[in-house]
Amino acid sequence: MVVGRRRPEPDPGHGSGISIGGNNNAPLQNVVGQSISHIHQSASVQGAVDIDAVRGFLAAFRADVDRNAADLQNATILRAMADTVDASLATPDAPQAGTLRGIAQALPSLVVGTVVQQGGEALADAIGGLLS
């Protein structure tokens, strides 16, 4: 009988995720051979973004929220955030950085798993690019 023996820990250096480079919308197959469909890869906005680009993402996000409001638990909150972003961008001197930063941080968690996730994350990334 062996006392105090433990199973070896799994190697922490290897993850189970699959990384795909480039823009890939094709069907994928995971490591156990199961088909994965409806996978879309997107890229984060890096570097400086101008106000017009943020306004474009804001308009698209608002349209998504309005189109899918019946399916969103927090549509009112998302609309209020969009209004706040719009008002901040309209400030003549400079956008309200603290307010925008807070929205950019909160927005992804509010849209995760919803039909407006892509638009919300794109808007948050664009706001982050504007503030960088």
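The values are calculated or read from the model by the stated rules, or taken from the named source; none is laboratory data. In this text the structure is predicted, and so the values were computed from the model without any measurement. With ideal geometry, Cβ positions are generated from the backbone for all residues, glycine too; neighbour counts draw on all protein chains shown. What goes into the accessible areas is simple: the full protein's heavy atoms, side chains included, and nothing from ligands, DNA or RNA. Shrake-Rupley method; radii C 1.70, N 1.55, O 1.52, S 1.80 Å.
List of remarks:
- For the range 98-114, the count of residues that are in a loop (DSSP other than H, G, I, E, B) and open to solvent by less than 40 Å² (accessible area, probe 1.4 Å) is zero.
- Filtered residue count, the range 66-117, keeping only those that are in contact (Cβ under 8 Å) with a residue 12 or more places away in the chain and either within 21 Å of Gly129 (Cβ to Cβ) or touching a Gly at 6+ places or on another chain (Cβ under 6 Å) (or both): 22
- Residues of the range 45-69 that turn out to be over 18 Å from the mean Cα position of the chain (by Cα) and modelled with pLDDT of 95 or more, as a count: 3
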